[in-house]
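Before any comments, here is the structure.
The values are calculated or read from the model by the stated rules, or taken from the named source; none is laboratory data. Because the structure is predicted, anything quoted here is derived from the model rather than measured. Cβ placement follows ideal geometry from the backbone for every residue including glycine, while neighbour counts extend to all protein chains displayed. Only protein heavy atoms, including side chains, enter the accessible area calculation; ligands, DNA and RNA are left aside. Shrake-Rupley method; radii C 1.70, N 1.55, O 1.52, S 1.80 Å.
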Amino acid sequence: LCPVMEYIKNIIFDFGNVLMDLDLPAVEREFQRLWGDQFEQARAKLGRDHIFELYETGGLSTDEFVAAIRFAGPSPLSKEQVVQAWNSIFIGMPKHRFDFLLRLRQRYKLFLLSNINDLHERWIADYMVREHQIHDYELKYFDGVYFSHLIRLRKPDRDIYEYVLADAEILAGESVFFDDLEINVEAARQTGIQAFLHPAGTEIASHIQLILP
């Protein structure tokens, strides 16, 4: 155990594949199914126009984002097809993780920091009510929630970590961060936050118990 961990007061979580289980390749599978042999052409167009990054940082409205995808291929998709494919990444969040967060909140301040867009935020809010009867998960389980499309910053940009530290009024040296992408972990470390890679498919409770005293 690193002695520095004894001074940790704050835990910052990425959402996807840390707390919420995802099937990331599902989106690509769905659009391949919808676009067929036009998939690569449509994906290249969306990439050139930076559609995903813009949507993730609030630079496009949901209507604009959906329209960009609908008309990226040679024949338009329906709005419903786009939304269903886009939300196909979600698997779910088991109840024991909510219980674990409540136990952690007795000792630490908890924060959520996620590169996320409006459609995914809405899906998660609906899921929390539908599957877990939780109407206020952000307030119940976290001291602060930072979503990229709302604060117009995204990981791994250094600015997003500095924004969270300043807004939450917490110190980097008293904070630990868990993310499933090494590039985001490394960026957090460069701001002085103790950061750890959390491998997708592993249990966050087990990971934290290995690190925190």
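Across segment 57-97, which residue is nearest to Arg152 (Cα to Cα) among those that are open to solvent by less than 20 Å² (accessible area, probe 1.4 Å) and of a type in the set (A, V, I, L, M)? So, considering only residues that are open to solvent by less than 20 Å² (accessible area, probe 1.4 Å) and of a type in the set (A, V, I, L, M), the one nearest to Arg152 (Cα to Cα) is Val66. Contact annotation: residue pairs with Cβ atoms under 7 Å, 6 or more positions apart or on different chains, pairing a residue in segment 108-120 that is crowded, with 19+ Cβ neighbours inside 10 Å with a partner that is outside any strand (DSSP E or B) and of a type in the set (Ser, Thr, Tyr), are Ser114/Ser148; Asn115/Ser148; Ile116/Ser148; Asn117/Tyr55. Pairs meeting the criteria (first residue in segment 178-198 and within 16 Å of Asn17 (Cα to Cα), second residue in a helix (DSSP H, G or I), beta carbons under 6 Å, at least 6 apart or on different chains) are Asp179/Val185; Ala195/Val185; Ala195/Ala188; Ala195/Arg189; Leu197/Glu182; Leu197/Val185; His198/His207.
Within the group Ile160, Ile124, which residue is hydrophobic (A, V, I, L, M, F, W, C), in a helix (DSSP H, G or I), over 30 Å from Phe39 (Cα atoms) and open to solvent by less than 10 Å² (accessible area, probe 1.4 Å)? Answer to the selection: Ile160.
Condition (residue is of a type outside the set (Asp, Glu), in contact (Cβ under 8 Å) with a residue 40 or more places away in the chain, open to solvent by less than 20 Å² (accessible area, probe 1.4 Å) and out of contact with any Gly (no Cβ under 7 Å at 6 or more places or on another chain)) applied to segment 28-36: is it met by at least one residue? Yes. Within segment 45-88, restricting attention to residues that are polar (S, T, N, Q) and free of Cβ contacts under 8 Å to residues at least 60 places away in the same chain, the residue that is nearest to Met20 (Cα to Cα) is Asn87.
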